[in-house]
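Below is one structure; the comments refer to it alone.
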Amino acid sequence: MRLLTAVVVLFIACTPSTPASYVALSGRFGPAGGTLVAPDDDVLAGARLDIPAGALSTEVELSLVAADDETPLPADGFRVGPQFRVEPVATVLKAPVRITYPFDFAARSTFSNTDAECRVWQRDGEGWKGVAQAASDENGVTIETSSFALAAPGVQRIVILNVCLTNPQLCALPGPCTSPMGICMERLPDPSPKPFSIYSVGVSRTKLVYASRPANEPIRGVVYTYPTGQTTVSPPLVHPSMGTSFGRPDMTATEDVWVALPGPDTVKFPRVAPPERFDTQSTRISRGVFVSSSNVVSRFVQDTVNAAPVYRLVKGDDEFTVVSDFPSNTAINFVPRRGQSTFIAWNRKRGLVFFSGTSNETVEHLVQPPSGFFVADVATSYRSGAFAVLFVRSDGAQRKLSMFSATPTSRTDVSNRRDFDDVIATQLEYGSDDRLWAFTSSRAQLDVYNFTTGGVSSIPLSNAGTESAEYRQMLPLVLRNVHPTGELMLITVGTTSPAANFYFAIKRAGTP
């Protein structure tokens, strides 16, 4: 009996009495609990595990592990952030823990669901189950759970009433280019290999560029030629892993494809030669890459060693600093203004800043969201200084669209601005004629906005009933425009499973 008592005393003395805290992908935790937060430069940035005191009976090392499980979600379910699990998955919990799943911004903004309507899809048996959130914000969704199973943030898509039900004749898809709406749809050949993520498909020089990662194979870059469907595949990329935050690629005239990968890397993958890595310093995070019409490559990166966020534009052989008051640890988006060779950086809460990329600059937010709204999407013209901003109210109940024909000179400058209230759009894209195309993922319809006249044209994509499989397949997810010809609008439709994606082209035959 005395020997047993001694062992118990020794165990208590070696067990941590205060909660552990780590900014890492793994750490040791005991009965005192603690927190594990993924680093900002990792593919799981924003992931967090909170363990209350008493949830663990013994000390154990826990890890956040990224994964890619292609098991299909329910028909109306979509993933909007990286998958990961906590290992060891079989860890016995005596009380629920809180796990935060970060959003991928491009995927999240595709859907009209509010943050409060987001959930977590958790692996369960042969499929997935939806887990209601305990909390959410613009960066991610949190659940309370007693399982460390594989999971990811997601939404259930809400289908809006199809306008075709009231006017079926308007919605009938015609034969080749005879539509009175000036629009024809044509199925493109299925890409092979398939894209890794529908949110990372880029359009450049009338070709599609994307990354592919078949099961148990390395990541490769793909150039897809329209209209033949022929694909050119690069050698394997050297980056060991990536999530849905893989950036939208761009391509040079020689078909070298550039892309910003999660963390510090920017990669160029030529068609034949081995890929090259840039900006691999651990103190930088890649935010975007853009190839100009004169083949100058611009890379937008964030420094993480400064007290305030500092951004750099690496343009060709030159490097410029952009300083702004963007909040720390929030998503910053980089948008090229191709018509002017200038750039926009934007944040959901603070709004838009404009910079030239020819000198060091301290910039101010000349376009800010209205009170109670946030910035949901920004699109820029291919031929002029025009741009558009989609604002969404924090509760998701209202959306506003502002179109600008030029950069404002101050926050109060409205001389080159036109506003549209109560829109339903979730994504924006300019055509080469400076009309703005918009859609919501919950309706099989495109809306076309004209800055000059203030007019709006609605283009239905299906005459099927909202409950039919055909209608749901027509619901768009991602919109892309080919420049300079303006002949093709690419919409990916169907589900987010790589095995089920298919693609349509929308070719202009007249004026909407």
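Each reported figure results from applying straightforward, stated rules to the coordinates on display, with no laboratory input. It should be emphasised that the depicted structure is a prediction, and the values quoted were computed from it without experimental measurement. So basically every Cβ, Gly included, is an ideal-geometry build from the backbone, and we count neighbours across all protein chains shown.
Observations, loosely collected:
- Listed peptides 82-95, 65-78 by packing density, highest first (mean Cβ within 10 Å): 82-95, 65-78
- Packing-based order for 442-449, 227-234, using average beta carbon neighbours within 10 Å, highest first: 442-449, 227-234
- Whole-Hz ³J(HN,Hα) from phi, Karplus 6.51 cos²θ - 1.76 cosθ + 1.60, for segment 430-446, glycine and proline x: 7, x, 6, 9, 6, 7, 9, 9, 9, 8, 10, 6, 9, 9, 7, 7, 10
- Secondary structure note: in segment 19-156, about 90% of the DSSP beta bridges are antiparallel.
- Under 18 Å from LYS207, Cα to Cα: aspartates and glutamates that are on another chain or at least 8 residues apart: GLU186, ASP190, ASP250, GLU255, ASP256, GLU429, GLU487
- Taking amide H atoms as placed 1.01 Å from N in the peptide plane, the amide H of GLY46 lies under 5 Å from those of ALA38, each 5 or more residues away in sequence or on another chain.
- From phi via Karplus (6.51, -1.76, 1.60), per-residue ³J(HN,Hα) for segment 346-351 in Hz, x at Gly/Pro: 9, 9, 4, 8, 8, x
- Under the Karplus curve 6.51 cos²θ - 1.76 cosθ + 1.60, θ = phi - 60°, whole-Hz ³J(HN,Hα) for segment 71-81, x wherever Gly or Pro sits: 4, x, 6, x, 4, 9, x, 9, 8, 10, x
- A viscosity of 0.692 mPa s and a temperature of 37 °C, combined with the Kirkwood radius over C-alpha pairs in the Stokes-Einstein formula, give segment 40-145 a diffusion coefficient of 222 µm²/s.
- Residue-count net charge about ALA386 - beta-carbon cut-off 13 Å; Lys, Arg +1, Asp, Glu -1: +3
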